[in-house]
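The values are calculated or read from the model by the stated rules, or taken from the named source; none is laboratory data. Predicted model only: the values in this text are computed from it and were never measured. Here Cβ is always computed from backbone atoms with ideal geometry, including for glycine, and neighbour counts include all displayed protein chains.
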Amino acid sequence: MKQILVTGAVGQIGSELTAALRKRYGKDKVIATDVRMPTDVELRDAGPFEFLDVLDPNHITRVMQLHEVGTVYHLAAILSATGESRPGVAWQINMNGLYNMLEAARQYQCSLFFPSSIGAFGPLTPQDRTPQDTIQRPDTIYGVTKVAGELLCDYYHKRFGLDTRGVRFPGLISHETEPGGGTTDYAVDIFYQAIRHKEYVCYLKPDTWLDMMYMPDAIRAMIQLMEADSSRLVHRNAFNITAMSFTPSMLADEIRNHIPEFHVEYEIDQVRQAIADSWPNSMDDSCARTEWGWKPEYDLVRMTRDMINVLSRKLQGAPTTR
């Protein structure tokens, strides 16, 4: 088996994906890469780590030459809210970085996973049960780079026969990494604040519907797609996948089932609210279910219970809830 390379391995998805891949395939088979050195001891010491700047083709070539890479999970990216404050940087990393990795994958004959997002949709997209194939006119630089990335991956598959695959992630919820600049990150931060302070100030309106997914499901989806029989894949790139859809008020209510005194106030961030309003309320992921057997394991109730249990132990040694 050839080795697996993960870009952006220090980030929210990358750190958990790297651990899962090493557990599945062996720690020496997975090369974690990033422009930041990992502070997490397990990520740093459990397998090989390489400094890699996706904007520098020479860095990429050096790493590819050092390791016999067969699969790339390309996760290095600037997220939605951060991208609006630094659009030039978002374009450089999200687009030029992807192009560089696709060229390296073509040169070294690797398969490549590219994560797209609900951010690839826009205000003209049908918001309820958004179809797999529909209009995409995002109005954020993050969304623009995701749509362009989807098309670029499709091009490399059709033009060069490169095995490119990807999903459109909803908002991701994790207990391992704290929020990092995404519009849906309220659904992570709210747990930290509920456990630490029993109160939270939310930057989205209480009735803002968004698709969400618990990180264990997201990690499983990436690996499952990359292991899927390619002959079954009609779309290959940018599969809609989802697990649950809820509003901030619904999430707060579910948290109060475990922390009754939890209180939420709302101070709307107009930039992030506008981004959220342009995204789907829910996605139709029937193509992923049909083509490679996608099925989530966590819903709102199970995710909330697990988040509170794990974070309570992590943050303050609090007893778990039933």
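Give THR125, THR184 a once-over and let me know the one that is more than 13 Å from the chain's Cα centre (by Cα), of a type outside the set (A, V, I, L, M) and either more than 30 Å from ILE259 (Cα to Cα) or not in a loop (DSSP other than H, G, I, E, B) (or both).
THR125
Scan segment 133-152 and tell me whether some residue there is touching a Pro at 6+ places or on another chain (Cβ under 7 Å) and acidic (Asp, Glu).
yes
Looking only at segment 1-34, count how many residues are crowded, with 24+ Cβ neighbours inside 10 Å and over 20 Å from VAL54 (Cα atoms).
Here the count works out to 1.
Residues of segment 117-133 being small (Gly, Ala, Ser) and within 19 Å of MET244 (Cβ to Cβ), which ones? Break it down stepwise before answering.
Of all residues in segment 117-133, those small (Gly, Ala, Ser) come to 117, 119-120, 122.
Result: SER117, GLY119.
Of these, ILE268, ILE241, ILE255, which one is under 30 Å from MET226 (Cα atoms) and not acidic (Asp, Glu)?
ILE241 is the lone residue from the list that is under 30 Å from MET226 (Cα atoms) and not acidic (Asp, Glu).
Of the residues LEU225, LEU204, LEU233, which is in contact with a Lys or Arg (Cβ under 6 Å, 6 or more places away or on another chain) and among the aliphatic types (A, V, I, L, M)? Walk me through it before giving the result.
Values: LEU204 fails: in contact with a Lys or Arg (Cβ under 6 Å, 6 or more places away or on another chain); LEU233 fails: in contact with a Lys or Arg (Cβ under 6 Å, 6 or more places away or on another chain).
Answer to the selection: LEU225.
Taking segment 228-264, which residues are β-branched (Val, Ile, Thr) and not in a strand (DSSP E or B)?
VAL234, ILE241, THR242, THR247, ILE255, ILE259
Considering (1) crowded, with 22+ Cβ neighbours inside 10 Å; (2) among the hydrophobic types (A, V, I, L, M, F, W, C); (3) over 17 Å from ASP299 (Cβ atoms); (4) assigned by TED's automatic domain parsing to the domain that holds PHE114, say which one ALA218 fails and leave the rest.
(3)
Given the structure, is PHE114 touching a Lys or Arg at 6+ places or on another chain (Cβ under 9 Å), over 22 Å from VAL72 (Cβ atoms), among the aromatic types (Phe, Trp, Tyr) and surrounded by 15 or more Cβ atoms within 10 Å (Cβ to Cβ)? Don't jump to the end; show me each part of the working.
Numbers: touching a Lys or Arg at 6+ places or on another chain (Cβ under 9 Å): yes; over 22 Å from VAL72 (Cβ atoms): no; among the aromatic types (Phe, Trp, Tyr): yes; surrounded by 15 or more Cβ atoms within 10 Å (Cβ to Cβ): yes.
So PHE114 fails the test.
If you check ASP207, ASP163, ASP185, which single one turns out to be at pLDDT below 95 and closer than 27 Å to ILE141 by Cα?
On inspection, the qualifying residue turns out to be ASP185.
Please find, within segment 24-56, the residue that is farthest from the chain's Cα centre (by Cα) out of those that are over 19 Å from GLU68 (Cα atoms) and at pLDDT 95 or above.
Looking at the filtered set, the residue picked out is ASP56.
Among the residues of segment 208-227, is any in a helix (DSSP H, G or I) and either touching a Cys at 6+ places or on another chain (Cβ under 8 Å) or without any contact (Cβ under 8 Å) to a residue 40 or more places away in the chain (or both)?
Yes, some residue in segment 208-227 is in a helix (DSSP H, G or I) and either touching a Cys at 6+ places or on another chain (Cβ under 8 Å) or without any contact (Cβ under 8 Å) to a residue 40 or more places away in the chain (or both).
I need the full set of residues from segment 151-178 which are surrounded by 18 or more Cβ atoms within 10 Å (Cβ to Cβ) and more than 19 Å from THR71 (Cβ to Cβ), in order please.
Hits for segment 151-178 are ARG168, PRO170, GLY171, LEU172, ILE173, SER174, HIS175.
Determine, yes or no, whether GLY70 is in the same structural domain as GLU50 (by TED's automatic domain parsing), touching a Leu at 6+ places or on another chain (Cβ under 7 Å), farther than 23 Å from ILE241 by Cα and in contact (Cβ under 8 Å) with a residue 24 or more places away in the chain.
No: the conditions fail for GLY70.
Tell me whether segment 238-255 contains one or more residues that are touching a Pro at 6+ places or on another chain (Cβ under 7 Å) and among the β-branched types (Val, Ile, Thr).
Checking segment 238-255: at least one residue is touching a Pro at 6+ places or on another chain (Cβ under 7 Å) and among the β-branched types (Val, Ile, Thr).
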